[in-house]
Structure formats: structure tokens, C-alpha cells
Amino acid sequence: MAIYGVALLAGCMMFGLIIGDLLGQVLGIEANLGGVGIAMLLLIFVTNVIHQWGKLPDSTSSGITFWNAMYIPIVVAMAASQNVAAAFSGGLVSLLAGVLAVVLGLALVPVIAGKPEPEQDCQDEPATAVASNTAGSRRG
Amino acid sequence: MFESLIELFDEYHLIAAFAVIGLTMYLSNWLSVRFTNGKFHGSAIAILLGLLLAYIGGVVTGGENGLADLTLFSGLGLMGGGMLRDLAIIATAYGVRFSEIRKAGVHGVVALFAGVIVSFLAGGIIAVGFGYTDPVDITTVGAGTVTYIVGPVTGSTLGASSEIIALSIAAGLVKSILVMIVTPMTSRIIGLDNPRSAMIFGGLIGTTSGVAAGLAATDARLVPYGAMTATFYTGLGILLAPTALFLMVRAIA
């Protein structure tokens, strides 16, 4: 049933948020530290385990893939509810600060990505990491 | 007649939002195919349209939630709010291969620290350039440039004035919105076309909404990888900005 998938997704989310919240409290910050990321790892892990048992019916996974497919529309709704007017009314300081941060951040992507690491994973073909990376992004 | 219509939209706001966003997506995909031959993603156009409408909504109502402040479109706030957005982001992880994440793991962590520090410095340097000398002000603007959540949290911890806090929020918003617009345009130049660089991108840029929309407009398959690292960014910023980074600013200023 689709609700099993939705419940699994929701369960992972709540569990991740709880861990993220606890992490924040331990470190004494008023924020959820990586709760969503932890939930993502948990979902990958749990669905892999269930797959290995061979028991994830299509109807169940449809509860997850529906929300996956709703991602872009939700992001569009998010864009439409951003405080864009405030961003432009902050004056030159905030405008330049934001622009500089984005330029530097984007410029650093190839610097940190650098040369791909030599392949260590024996499951992948012995091709270069570049090739396997592009293959990875083409998947799905 | 018209009033009862608005009332109906208000009562069924989430459902109305689904319909409105569906129409926006359809229009955007049509524009993409018709005028750009599909080269400019339909989702990128939809996000730009969304931002434009948010600007109009903000100017018309003077509120903080873009188009969602108009009663007719109040459901957009729920649909695009943190709860459903995070649920959908987590759902994108379904089907991701763990080996891809492990491969970029260390670089992702490096990117996270570099991203927080570089954004902070960008904001701090601009603040100094505009004549701010108080370490609290410089730190708050720098923290806001990290994300618009880190700014106010840091500012209120350090006791910054509300003007500075507002400035820091604006800096974070500019960054977030700019990322949404610029990412699909620069993706080829910076090599943003594989899970590894997406994880590094997420760590360097960090603002969840910016990364989420930027990657959605570039290649939706990269979303889980970028979101994975970005989700730690705000927490790390809140951890570093009022502590280590503030001490650094105070030592220099």
C-alpha cells in the first residue's frame, strides 16, 4: 500500500530530525544539525535492506516516488513564497555580500572537486573515476 | 461572488496551490520547448517565474512570504514551506547509491567548512568595505551571508542591533535567490554534472532553498547529493559564526 511508503519516508524524516535536534542540543546550538541529511541516509539504508529481503512492492515504493516527483513543484512553490522584495531592499551591503559569496562559492566547486580520486571501489568497473561519475549521474 | 471565490481559495489553500503550481509548471515547460528548444529547463523557468511572482507579492502586500501573502495564494506557503520541502528532499534520496556518497564524503566535509568560512569572509569583507568597524556588526553580516538563518541567530547571540540583523537576513536572501538563478547558467563551467561535484556544491553553497532550487533547475538527479551536504551547512554556520569566527574577527578588527 502507498501509505506504507509514505509512512516509511515520514518515519525516516522524524527519526532524522530527532537525531539532528539532539546533536544541536549536545553542541549547544539552536538548530537542527543535519536532520534532513541523516533522514536521507536512513532512507537509503532502510530501503536497501528491504530490497535485499526482496520485499518492497511497487505500491509501497510509489508512496516514496510520489513525493520524489513532487520535489520540483514544491521547490517552485518555495520560490514563489521567498522574501524576494526584502532581498532587494537590503541595500548595497547585502547585495554585494550575497553576490560575492555566490561567486566565490561557485568558483570553489571545481577547486575542491579537483582531480577525481583513484578508483578504489572494486564493485565499479576499472574505468576512471570521471567516467564512473558521469555514468552515475546518467543513471535513473 | 468574487469574495466568496477568494474565500474558497483561502479555505482550500493547499489544493489551490497544487493547481496553481501545476499550471505554472505547464506554462514553463511550454515556454522552454517553444522558445528555447528545451535548452533552458522548464523547471528553471518555473523557479524564475516563482521568484518574480514572489517579488510582486512582496511589493504588493509588504509581507515576508512573497506571493503566499496574497490570500488567493496562501497555500503556496504550506506547499513550499519547510515541512513538505524537507519531505520531498528526503524522498529524492530513494534510489541513491551509497557508494557515490561515500566516494565524495571527505570532499563534502571539506566543502562544508570552506563554504561556511568563504561566505562569512565575503560578507565580513563587504561590511568592512562599507565602513563597519564593530566586530559584532561585521560578524553578523558575515553570518547572514552564510545563510539568512545563521545571521539572525548569530546577531541575537552577540547582541547586534536589529538594523544589522535585518541587513544580514537580506544578504542571505540575496545569496539564496542568486544561487537559484545562477546555478543552471554556470553548471557547465564549474563541472556540476555528477554526484561528486553536486555534493561539493551543496557543501560550498549551503543555503538549503538555494541549493534545492539551483539543482532542480540544473539536473534533478543531482538533488539528493547536493541536499545531503547542504543540510549540515546551517548547523555548522550557527556553530562557527558566533564562536570561532567571531573570535577571529575580534582579533583582527
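Every number here is computed from the coordinates shown, using simple stated rules; none is lab data. This structure is a prediction, so every number in the text was calculated from the model and none was measured. Cβ coordinates were reconstructed from backbone atoms using ideal geometry, including for glycine residues, and neighbour counts include every protein chain displayed.
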If I take R0 = 25 Å and measure r between the Cβ atoms of B:Lys39 and A:Val111 in this structure, what FRET efficiency does the formula 1/(1 + (r/R0)^6) give, to the nearest 0.05? 0.35
If you bin every alpha carbon distance in chain B into 10 Å steps from zero, what whole percent lands in each bin? 7, 27, 32, 24, 9, 1, 0
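Any idea what the dipole of segment B:1-119 comes to, in debye rounded to 20, about its Cα centre with Lys/Arg Cβ at +1 and Asp/Glu Cβ at -1?
On the way: 6 positive and 8 negative charges, 189 e Å.
Using Cβ point charges on Lys, Arg, Asp and Glu, segment B:1-119 gives about 900 debye.
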Along principal axes, Cα extents of segment B:192-253, largest first, whole Å: 43, 16, 15
Pair B:Val106, B:Glu64: separation of 7 Å Cα→Cβ label points (nm): 4.2 nm
Contour excess over end-to-end distance, with Cα ends at B:Leu78 and B:Ile15 and 0.36 nm allotted per residue: 21.6 nm
Longest principal axis of chain B (C-alpha) makes with the long axis of helix B:208-218 (C-alpha) an angle, in degrees to the nearest 10, of 60 degrees
At 222 nm, what value in deg cm²/dmol follows for chain B if DSSP H runs of at least 4 each add -39500 (n - 2.57) and the sum is divided by all its residues, to the nearest 500? -24500 deg cm²/dmol
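Decide, for segment A:1-82, between rounded, prolate and oblate: order the square roots of the alpha carbon gyration tensor eigenvalues as a ≥ b ≥ c, take rounded if a/c falls under 1.5, and otherwise choose prolate if a/b is larger than b/c, else oblate. Could you put the intermediate results ahead of the total?
On the way: a/c = 3.01, a/b = 1.28, b/c = 2.35.
Because a/c hits 1.5 or more and a/b fails to exceed b/c, segment A:1-82 counts as oblate.
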Mean projected area in nm² (Cα convex hull; one quarter of hull surface) for segment B:67-109: 4.4 nm²
In degrees, nearest 10, range 0 to 90: what is the angle between the Cα axis of helix B:82-92 and the longest Cα principal axis of chain B? 90 degrees
Alpha-carbon centroids, segment B:129-155 and segment B:181-219: separation in whole Å: 25 Å
Among B:Pro135, A:Phe15, B:Val116, which residue has its Cα positioned farthest towards the positive end of the charge dipole of the protein assembly as shown, with +1 placed on the Cβ of Lys and Arg, -1 on the Cβ of Asp and Glu, and the dipole taken about the Cα centre? B:Val116
Using Cα-Cα distances under 8 Å and only pairs 6 or more residues apart, what relative contact order does chain B have, in percent? 19 percent
Consider all pairwise Cα distances in segment B:13-70 and report the whole-number % of them above 18 Å. 41 percent
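If you take each beta carbon of peptide A:14-26 and count the beta carbons of other chains within 10 angstrom, what is the mean? Display every interim value, and only then the final one.
Numbers: counts 0, 0, 3, 2, 0, 0, 3, 0, 0, 2, 3, 0, 0.
Per-residue shielding by partner chains comes out at 1.
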Residues of segment A:44-75 with amide nitrogen under 18 Å from the 7 Å Cα-to-Cβ point of B:Arg97? A:44-49, A:51-52
In nanometres, what is the gap between the two model label sites at A:Ile3 and B:Asn29, each 7 Å from Cα along Cα-to-Cβ? 3.0 nm
extent check for segment B:14-109: Cα max minus min per principal axis, descending, whole Å, gives 47, 34, 25
Nearest 10 degrees is fine. How inclined is helix B:195-205 to the longest principal axis of chain B, computing both from alpha carbons? 70 degrees
